[in-house]
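What follows is one structure encoded as structure tokens, with my remarks underneath.
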Amino acid sequence: MKIKKAHLGFLLMIIILFITKGSKAQTETCRVLLDKISNEYKGSCLNGLADGSGKAIGTEDVYVGEFKDGWPDGVGTYTFKNGNVYEGFWKRGKKEGKGKFSYKINGKKQVMTGYWKNDEYVGPVKPETSGDSYRVSSSTGIFNYSIDENLKAEDNECDILFSIKSAFTDYLPSDLKIENTSGQVFQNGKKFGVRNHFYPLHCEISYTIQLGDARKQCRFIIEILKKGKYNVKINND
């Protein structure tokens with residue numbers, strides 16, 4: 001009986017050692033497909049790819065959260081090399097859905113909450129609920145925006161009127177660039193609009209604003225899908 005027990009103990013040691021080695025080998029070969037965080041990974045793995053909960057570390061960036069097929073996918077926290085942090089939803093390595101972005105400007109902490117699509121901030125309102133008459137696909141570098149589908153009587157010379165706000169007043173950037181698929185762009189004081197256009201209308205607005213000693217790039221993209229009167233306010237405060 002003593003010999004049988006000794007053999008049994010030896011076999012158990014061999015099995016445990018084999019399982020441990022197998023687990024280590026799986027961790028070593030478990031890949032993260034996002035290059036910036038692909039140096040080291042600890043967590044769940046499936047078919048040689050990060051899948052499930054885990055932590056991925058790069059030379060400078062770190063991600064902790066859910067993975068799928070090697071990509072950050074689900075809920076997770078991404079810390080960038082400059083200390084900025086994004087907490088929220090991901091899809092195949094890109095920010096997608098509701099989230100919170102914490103960053104600093106001139107040493108002061110700023111927090112931007114809302115929704116991301118294809119790795120870009122699209123505003124505080126979920127894109128799918130913004131209405132069937134228009135769709136905002138990007139609002140990079142912009143604090144928030146509002147869209148009123150009822151222009152005042154004095155603005156009826158155009159269908160779409162834009163205004164950019166800085167320090168809570170109308171502001172017309174010197175490097176303002178407007179790209180639209182149809183119609184003519186015109187200026188009315190510190191506001192601008194589009195008239196004589198066709199639907200659907202795609203408008204892309206880009207400019208920079210001064211923040212302390214640096215300038216911030218701003219980009220706003222909207223598609224007007226149905227005929228109407230739209231008042232679009234872009235806020236930088």
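What the table below lists for this structure:
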| read-out | value |
| --- | --- |
| Selection from segment 179-190 of residues that are open to solvent by less than 50 Å² (accessible area, probe 1.4 Å) and either in contact with a Ser or Thr (Cβ under 8 Å, 6 or more places away or on another chain) or at negative phi (or both) | Asn180, Ser182, Phe186 |
| Of the criteria (1) under 21 Å from Gly123 (Cβ atoms); (2) open to solvent by 70 Å² or more (accessible area, probe 1.4 Å); (3) at pLDDT below 90, which one Thr140 fails | (2) |
| Boolean, Val125 is at pLDDT below 85, crowded, with 16+ Cβ neighbours inside 10 Å and of a type in the set (Val, Ile, Thr) | yes |
| Selection within segment 191-237 - part of a loop (DSSP other than H, G, I, E, B), more than 25 Å from Met112 (Cβ to Cβ) and open to solvent by less than 50 Å² (accessible area, probe 1.4 Å) | His197, Gly228 |
| Residues satisfying the stated conditions in segment 180-237, i.e. among the polar types (S, T, N, Q) and more than 16 Å from Val122 (Cα to Cα) | Asn180, Thr181, Ser182, Gln184, Gln187, Asn188, Asn196, Thr208, Gln210, Asn231 |
| Matching residues in segment 174-185 - criterion: being within 11 Å of Ile160 (Cβ to Cβ) and not β-branched (Val, Ile, Thr) | Asn180, Gly183 |
| Identity of the residue in segment 168-178, part of a loop (DSSP other than H, G, I, E, B) and open to solvent by 80 Å² or more (accessible area, probe 1.4 Å), that ends up modelled with the lowest pLDDT | Phe168 |
| Which numbered condition Lys165 misses (of (1) at pLDDT below 85; (2) outside any loop (DSSP other than H, G, I, E, B)) | (1) |
| Candidate set: segment 49-78, residues that are part of a loop (DSSP other than H, G, I, E, B) and either open to solvent by 50 Å² or more (accessible area, probe 1.4 Å) or at pLDDT below 95 (or both); chosen: the one farthest from Phe101 (Cα to Cα) | Asp69 |
| Checking Ser102 against (1) open to solvent by 60 Å² or more (accessible area, probe 1.4 Å); (2) part of a strand (DSSP E or B); (3) polar (S, T, N, Q), the condition it does not meet | (1) |
| From the options Ser206, Ser163, residue that is touching a residue at least 12 places away in the same chain (Cβ under 8 Å), hydroxyl-bearing (Ser, Thr, Tyr), over 30 Å from Gly107 (Cβ atoms) and out of contact with any Gly (no Cβ under 8 Å at 6 or more places or on another chain) | Ser163 |
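The values are calculated or read from the model by the stated rules, or taken from the named source; none is laboratory data. Everything numeric in this text was worked out from a predicted model, so none of it was measured. Neighbour counts are summed over all protein chains in view; Cβ atoms, including those assigned to glycine, are modelled from backbone coordinates with ideal geometry. With ligands, DNA and RNA removed, areas are computed over all heavy atoms of the protein, side chains included. Shrake-Rupley method; radii C 1.70, N 1.55, O 1.52, S 1.80 Å.
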